[in-house]
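Chemist: This is the structure I want to talk about, given as structure tokens.
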Amino acid sequence: MINKDHTLATVTGIVEEFCVSLGAVRAWIAAGLLSPVIREGRGRGGAMLFSRGQVIALLHGVCLVCGCGFRKAVLKQRFCSTSCRQKWSRMHKGKPGQ
């Protein structure tokens, strides 16, 4: 999912706006899932600014079955509901690599 929102936000702004924990945002940064667009200053005291679109792409997805948009509970989530996940499982039952 590509989001064109290039508005910048700090780590605390992301925490407040998207209702995620500070630890989650730091983990995304450490894992390379979220990278700063601008880094002000040097060292650990420098502020980092991130694209809101990049955060939205991490937190929101499109269901592979019905095409509905949804907020992800975990980053690997691919379906909007249990029924869509079960439908996908029935459609792909017995196929190699699924």
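Chemist: Rounded to the nearest 500, what is the chain's calculated 222 nm mean residue ellipticity when only DSSP H runs of at least 4 contribute -39500 (n - 2.57) each, over all residues?
Modeler: That calculation yields -10500 deg cm²/dmol at 222 nm.
Chemist: For a paramagnetic label modelled at 7 Å from the Cα of residue 7 toward its Cβ, which residues of the stretch 56-98 fall within the zone defined by backbone nitrogen distances under 15 Å?
Modeler: What the label zone holds, given the 15 Å backbone N cut-off, is 56-57.
Chemist: Mind checking which of 45, 23, 67 has the largest fluctuation in a GNM of the chain, springs on alpha carbons under 10 Å?
Modeler: Comparing 45, 23, 67 in a Gaussian network model of the chain, the most mobile one is 45.
Chemist: Moving to a separate point now. What's the local net charge at residue 20, with K and R +1, D and E -1, over the other residues with C-beta under 12 Å away?
Modeler: +1
Chemist: Another question, if that's okay. Explain nothing, just the number: relative contact order of the stretch 1-62, from Cα pairs under 8 Å at least 6 residues apart, as a whole percent.
Modeler: This gives 46 percent for the stretch 1-62.
Chemist: Once you place label points 7 Å from the Cα toward the Cβ at residue 92 and residue 72, how far apart are they in nm?
Modeler: Placing both labels 7 Å along Cα→Cβ, they lie 1.5 nm apart.
Chemist: For the residues 44, 71, what sequence is obtained by ranking on other C-beta atoms within 10 Å, fewest first?
Modeler: The fewest-first ordering by Cβ neighbours comes to 44, 71.
Bear in mind that the values in this text are calculations on the coordinates, not laboratory data. All of these numbers come straight from a predicted model, not from anything done at the bench. Here the Cβ is made from the backbone with ideal geometry for all residues, glycine too, and neighbour counts use every protein chain on show.
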